[in-house]
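Only one structure is covered here, and it is reproduced in the block below.
The values are calculated or read from the model by the stated rules, or taken from the named source; none is laboratory data. All values derive from a computational prediction rather than experimental measurement. Cβ placement follows ideal geometry from the backbone for every residue including glycine, while neighbour counts extend to all protein chains displayed. These area figures cover heavy atoms from the full protein model, side chains too; ligands, DNA and RNA do not enter into them. Shrake-Rupley method; radii C 1.70, N 1.55, O 1.52, S 1.80 Å.
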Amino acid sequence: MTADLPRQVRLVDVGPRDGLQNESQPIAVADKVRLVDDLTDAGLRYIEVGSFVSPRWVPQMAGSAEVFAAITRRPGVTYAALTPNLKGFEAALAAGVREVAVFAAASEAFSQKNINCSIADSLARFAPLMEVARAEGIRVRGYVSCVLGCPYEGQIAPEQVAWVARELRQMGCYEVSLGDTIGTGTAGSTRRLIETVARDVPREQLAGHFHDTYGQALANIHASLLEGISVFDSSVAGLGGCPYAKGATGNVATEDVLYLLDGMGIETGVSMPKLVAAGQRISRVLGRKNGSRVARALLARG
């Protein structure tokens with residue numbers, strides 16, 4: 001347990017990928033490009049732009065190569081892609097991607113339902129990808145889903161999460177993002193999780209990825225800050241629902257996280273007005289209400 005809060009936090013905006021992939025309506029490449037460019041302009045230093053998966057499974061990510069070709073890249077900003085296998089990694093490499101992410105679950109049932117294989121088998125599938133990534137000088141970030149609960153198994157033992165995180169780190173992931181996929185975690189369970197995982201993976205190599213299904217995301221982020229975590233995934237305008245809790249919110253909104261961090265004097269380099277404008281623009285494109293409470297409050301003030 002650590003006493004000092006981080007002085008700086010890196011926000012990873014997953015809106016263009018994790019946020020848009022659940023949308024049922026088609027989204028033009030130009031709108032995706034505008035979103036990424038807006039986030040760059042707002043000061044985000046890490047943006048997950050898209051994923052290289054079969055368009056049969058995730059139709060909204062079919063244009064990821066075109067998006068990467070059209071975005072305006074700024075020095076010092078990471079533009080990443082999710083790549084579930086070697087084929088996806090090779091497609092990302094051809095599109096000029098210089099950082100990728102891979103994902104595993106902390107729940108055996110979720111792994112079987114989501115990708116039709118065990119956790120161990122899913123990790124084994126990453127081995128050839130990691131080998132090519134090392135040869136090409138591509139950095140790899142790891143995700144672990146269902147770290148604080150599973151829609152099929154219920155609670156997940158922190159030791160199980162620690163094992164998966166340790167495996168990803170040993171395979172070569174420079175950072176492991178711990179994902180509360182169904183948003184059932186609390187501040188107490190979050191702190192216990194980090195204390196356990198940090199015995200195997202240093203805190204400076206861990207990130208938090210919290211969904212707001214039960215309204216606990218900001219509380220869990222604050223708990224993580226108290227544990228010395230300084231990287232958090234979020235989604236502009238709260239894009240992205242939770243497929244396992246009907247009608248529930250999904251990713252915590254980047255604007256809401258930024259408001260928390262700004263209020264604590266923690267530096268992010270992100271402009272709130274530009275971030276709110278970016279979220280409102282994509283919300284209009286999608287024809288939906290902005291999912292960020294902070295954005296709605298600021299916009300109501302005019």
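Yes or no, residue by residue, for (1) within 24 Å of G154 (Cβ to Cβ); (2) in contact (Cβ under 8 Å) with a residue 24 or more places away in the chain; (3) outside any loop (DSSP other than H, G, I, E, B):
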{"site": "G185", "(1), (2), (3)": "yes, yes, no"}
{"site": "L258", "(1), (2), (3)": "no, yes, yes"}
{"site": "V270", "(1), (2), (3)": "no, yes, no"}
{"site": "L275", "(1), (2), (3)": "no, yes, yes"}
Only one of (1) of a type in the set (A, V, I, L, M, F, W, C); (2) assigned to a helix (DSSP H, G or I); (3) open to solvent by 70 Å² or more (accessible area, probe 1.4 Å) is not met by V67, so which one is it? (3)
Selection status of T181, buried (at least 19 other Cβ atoms within 10 Å of the Cβ) and at pLDDT below 95: yes
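Give the stretch 123-144 a look and list any residue that's surrounded by fewer than 23 Cβ atoms within 10 Å (Cβ to Cβ) and either touching a Ser or Thr at 6+ places or on another chain (Cβ under 6 Å) or assigned to a loop (DSSP other than H, G, I, E, B) (or both), or say none. Don't jump to the end; show me each part of the working.
Just the residues of the stretch 123-144 that are surrounded by fewer than 23 Cβ atoms within 10 Å (Cβ to Cβ), to begin with: 123-125, 127-128, 130-132, 134-140.
Scanning the stretch 123-144 gives G137, I138.
Per-residue answers, yes or no, for (1) within 23 Å of G76 (Cβ to Cβ); (2) buried (at least 21 other Cβ atoms within 10 Å of the Cβ); (3) out of contact with any helix residue (DSSP H, G or I) (no Cβ under 9 Å at 6 or more places or on another chain); (4) of a type in the set (G, A, S):
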residue: V252; (1), (2), (3), (4): no, yes, no, no
residue: E255; (1), (2), (3), (4): yes, yes, no, no
residue: G269; (1), (2), (3), (4): yes, no, yes, yes
residue: K274; (1), (2), (3), (4): yes, no, no, no
residue: G279; (1), (2), (3), (4): yes, yes, no, yes
residue: L286; (1), (2), (3), (4): no, no, no, no
residue: S292; (1), (2), (3), (4): no, yes, no, yes
residue: A295; (1), (2), (3), (4): no, yes, no, yes
residue: L299; (1), (2), (3), (4): no, no, no, no
Number of positions in the stretch 145-183 that are assigned to a helix (DSSP H, G or I) and not aliphatic (A, V, I, L, M): 8
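Residue under question is A92, and the condition is that it be over 16 Å from the mean Cα position of the chain (by Cα), surrounded by fewer than 19 Cβ atoms within 10 Å (Cβ to Cβ) and not acidic (D, E); does it hold?
Numbers: over 16 Å from the mean Cα position of the chain (by Cα): yes; surrounded by fewer than 19 Cβ atoms within 10 Å (Cβ to Cβ): no; not acidic (D, E): yes.
Spelling it out, it is not the case that A92 is over 16 Å from the mean Cα position of the chain (by Cα), surrounded by fewer than 19 Cβ atoms within 10 Å (Cβ to Cβ) and not acidic (D, E).
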